[in-house]
Every structure is written in structure tokens, then in C-alpha cells.
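Working notes, structure below.
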Amino acid sequence: MEEPVTFIDLWDEQAEWVNTLAHDKGWYDPPKTDGESILLMHNELSEAVEAIRLPEPPRSTKIPDFLLEEEELADVVIRIMDYSHEKGLRVGAAIKAKHLYNVGRPHRHGGKRL
Ligand SMILES: [Mg+2]
């Protein structure tokens, strides 16, 4: 019997594909610093904020079946996948581990407001 495909397997496979594409498209020529890479992740979050500030949620022009907010959040994840694969970070496994940790935390993690 074959072992089931897990979230971590899918994350790692997609992250490898994203990273290979980034190399192929020239995004590592020259390589970015770690700080620059994380700033670019943050920039995608800022773009998501701009997308939700408008009175009517705009659609993406690049992937028209989706909202711009969805596209920008996808960009965040794509950048995280690229960075984590490049650095050999186990972000997919960390997502799973952190979620399981959160399952056991108290309501609002002990009374935090936000
Ligand atoms: Mg973007």
C-alpha cells in the first residue's frame, strides 16, 4: 500500500517548482539578500491591503477568475515557497506543526485582544 500524499509533500513539491521557475525566469541573477526577499513578501501583503481598500473588490487582471486580493495573497505564498526552498527551510512542515500547536492553545491564546 502506498503512503498517502501529505500537505507537507504537496507544499515541498510546489515550492520546488516555484523556486525552479524563479531561477529560470532570472530572479536569482543577481541573487537577493534574505532581507530583500522578506521585504518583497511584505510588499505582496501591502498590495493585498490596497486591494481591499477599494469600495468594490477589484478582480485580478492577470488571473481574471480571481479577486485581486486573492492574487496578492497567492503572491505572498509563492514568494515564501521560493525563499524557503532556496534556503532549505521546512516551512510546509512548520505550518503543520504550528497549526497543531495552536489547536492546543486556550481561547484567544489566553486573552489577547487581536
Ligand atoms: Mg503582487
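The values are calculated or read from the model by the stated rules, or taken from the named source; none is laboratory data. Treat the numbers as computed from the prediction; the structure is a model and nothing was measured. Ideal geometry is used to build each Cβ from the backbone, glycine not excepted, and the neighbour counts take in all protein chains shown.
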**Request:** Please indicate, with yes or no, whether at least one residue in the stretch 23-36 is away from the ligand (no atom under 11 Å from the Cβ), closer than 21 Å to residue 93 by Cα and surrounded by 17 or more Cβ atoms within 10 Å (Cβ to Cβ).
**Result:** no
**Item:** Residue check, residue 67 surrounded by 12 or more Cβ atoms within 10 Å (Cβ to Cβ), hydrophobic (A, V, I, L, M, F, W, C) and under 14 Å from the mean Cα position of the chain (by Cα)
**Value:** no
**Message:** Looking at (1) exposed (fewer than 12 other Cβ atoms within 10 Å of the Cβ); (2) under 21 Å from residue 6 (Cβ atoms); (3) within 15 Å of the ligand (Cβ to nearest atom), which one does residue 80 not meet, given that it meets all the others?
**Reply:** (1)
**Request:** Would you be able to tell me the number of residues in the stretch 61-77 that are more than 25 Å from residue 16 (Cβ to Cβ), within 11 Å of the ligand (Cβ to nearest atom) and either at pLDDT below 95 or of a type outside the set (A, V, I, L, M) (or both)?
**Result:** 1
**Message:** Given the criteria touching a Lys or Arg at 6+ places or on another chain (Cβ under 9 Å) and loosely packed, with under 13 Cβ neighbours inside 10 Å, does residue 9 qualify?
**Reply:** no
